[in-house]
Each structure stands twice: as structure tokens, then as C-alpha cells.
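Just below is one structure, and these are the notes that go with it.
The values are calculated or read from the model by the stated rules, or taken from the named source; none is laboratory data. Computed from a predicted structure; not experimentally measured. Cβ coordinates were reconstructed from backbone atoms using ideal geometry, including for glycine residues, and neighbour counts include every protein chain displayed.
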Amino acid sequence: MQKRELILYYLIKRFYEIYKRPLEGRKKLQKLIFLVEHFDLNTSRIVPSSGITGYKFKIWYYGPYSSDLKEDTEDLVKNGLLSEDVKYLDDFLYTDESPKRLYLYSPKTEIRVENELDRQTIEKIDKILKEFGTKSPYELEKTVSDLLNLDPLKKLKVWGKSLDEYLSSLDTN
């Protein structure tokens, strides 16, 4: 596994260990990995890419999104390391994926990746999960959008920009 896949697997595994349930939603997974990459725990602010995860994010409909993260998740599922279960919901329940569908992620095969990740990365993932892991996918989307000062209209104006490009444009305003 490459480093970013190790981080992805570890985050899902730790979520499962901490909360005793699968991680609920593609959106939630995207936002948690985003926070590992861009959230400064000391200042509680979003910062330019740290390089921790190896994922690059763009501004998308639900906020920051990484197509590489989606592909890596699919690969880990296909290779039997992660379980991806789809839960079909009633109309009245909110979902973040598509009508009536929620994706649930958990480790399928138990592998120890802790020895392949540095202590600082492990600690940051654990802190992000403890601070943000109880939020619903929607709450995480709102939290991240607020941290980025992104309302729906502004999202449309900066659609497709890389996160670092968006952050640097804030510095010049």
C-alpha cells in the first residue's frame, strides 16, 4: 500500500475502534481526511496542504473533495481490505450520498499499519477523529464550509479550484 492508502485504512480502522461502528458516508470520509490534511489543531484553522495524507482537494458541491481519495477507497474495497456496505434509507431521512443511500466503511481485513506511519500522523488522525468523528456527514460539511468561509454562492464561484489556490486567494483579499 502507498502512504495515502495506509492513512485512509488507518483512519477507517481507528474510527471503527473508537466508535464501535462503521464510518458513515463518503462525504464524512472525505471531510475527515480533508481535516487531517488541512486542519491545524493548535489554531483550529484551515491551512494549506500539509502533505500528511498525500491527497489534494478541490472545492466541490459538498465542499472539499479528492477524486484520488474516492479511487483509493474503491481500490481498498476491491482488494478486500475495507468493507463498503450500502444502507438504503427511508425518504424522510437525510443522506449525503444520493437518494436513500448511505455508504458504511469498516476494516474487512485486520492489518497493522501503525508501524508504517509516523507517530505525528497517527496522533493527528486520532485527534481529528475524537474532535470531529461524532458529527454527521452534513454537520461535517457545514463545519468545514464554515471554517473555509464557503457559503453556497461562494462555492459556485470557486468551484473546481484547488484548496491551496482557494486559500491563497483569501490571503490576497
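For segment 123-173, which residues satisfy the criterion of being over 24 Å from GLU17 (Cα atoms) and of a type in the set (Lys, Arg)?
Within segment 123-173, LYS142, LYS154, LYS155, LYS157, LYS161 qualify.
Of the conditions (1) part of a loop (DSSP other than H, G, I, E, B); (2) loosely packed, with under 13 Cβ neighbours inside 10 Å, GLU17 satisfies every one except a single condition; which number is it?
It is condition (1) that GLU17 fails.
Give the residues of segment 112-122 that are among the charged types (D, E, K, R), without any contact (Cβ under 8 Å) to a residue 12 or more places away in the chain and either part of a helix (DSSP H, G or I) or under 30 Å from TRP159 (Cβ atoms) (or both), sorted by residue number.
If the condition is that a residue be among the charged types (D, E, K, R), without any contact (Cβ under 8 Å) to a residue 12 or more places away in the chain and either part of a helix (DSSP H, G or I) or under 30 Å from TRP159 (Cβ atoms) (or both), then ARG119 is the only one that fits.
Which of the residues that make up segment 24-49 are closer than 29 Å to THR109 by Cα and more than 12 Å from the chain's Cα centre (by Cα)?
Within segment 24-49, no residue meets the criteria.
Go through (1) of a type in the set (A, V, I, L, M, F, W, C); (2) closer than 21 Å to TYR62 by Cβ; (3) surrounded by fewer than 22 Cβ atoms within 10 Å (Cβ to Cβ) for LEU41 and report which single condition fails.
Evaluating LEU41 over (1) of a type in the set (A, V, I, L, M, F, W, C); (2) closer than 21 Å to TYR62 by Cβ; (3) surrounded by fewer than 22 Cβ atoms within 10 Å (Cβ to Cβ) leaves (2) as the failure.
Would you tally the residues in segment 31-45 being closer than 18 Å to LEU167 by Cα and either part of a helix (DSSP H, G or I) or among the basic types (Lys, Arg) (or both)?
Result for segment 31-45: 8.
Tell me, please, whether a residue that is among the hydrophobic types (A, V, I, L, M, F, W, C) and more than 12 Å from GLU5 (Cα to Cα) can be found in segment 58-80. Outline the logic, then answer.
Taking segment 58-80 and keeping what is among the hydrophobic types (A, V, I, L, M, F, W, C), we get 59-60, 69, 76-77.
Narrowing the set further to residues that are more than 12 Å from GLU5 (Cα to Cα) leaves 59-60.
Yes, that holds for at least one residue.
Which is farther than 17 Å from ARG14 by Cα, charged (D, E, K, R), modelled with pLDDT of 95 or more and in contact with a Lys or Arg (Cβ under 8 Å, 6 or more places away or on another chain), of LYS87, LYS58?
None of the others qualify; the one that does is LYS58.
Quick one: in segment 123-153, of everything that is surrounded by fewer than 14 Cβ atoms within 10 Å (Cβ to Cβ) and either at positive phi or assigned to a loop (DSSP other than H, G, I, E, B) (or both), which residue is modelled with the highest pLDDT?
The extreme case among them is THR134.
Can TYR166 be described as in a helix (DSSP H, G or I), among the aromatic types (Phe, Trp, Tyr) and surrounded by 17 or more Cβ atoms within 10 Å (Cβ to Cβ)? Spell out the reasoning first.
Numbers: in a helix (DSSP H, G or I): yes; among the aromatic types (Phe, Trp, Tyr): yes; surrounded by 17 or more Cβ atoms within 10 Å (Cβ to Cβ): yes.
So TYR166 passes the test.
Rundown of residues vs (1) at positive phi; (2) of a type in the set (A, V, I, L, M, F, W, C), yes/no style:
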residue	(1), (2)
GLU17	no, no
GLY25	yes, no
LYS31	no, no
LEU35	no, yes
HIS38	no, no
LEU41	no, yes
SER44	yes, no
LYS58	no, no
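Checking LYS78 against (1) within 18 Å of the chain's Cα centre (by Cα); (2) at pLDDT 95 or above; (3) surrounded by fewer than 20 Cβ atoms within 10 Å (Cβ to Cβ), only one condition comes out false. Which one?
Looking at each condition in turn, LYS78 falls short on (1).
All but one of (1) at pLDDT below 95; (2) surrounded by fewer than 16 Cβ atoms within 10 Å (Cβ to Cβ); (3) touching a strand residue (DSSP E or B) at 6+ places or on another chain (Cβ under 9 Å) hold for VAL47; which doesn't?
VAL47 satisfies every listed condition except (1).
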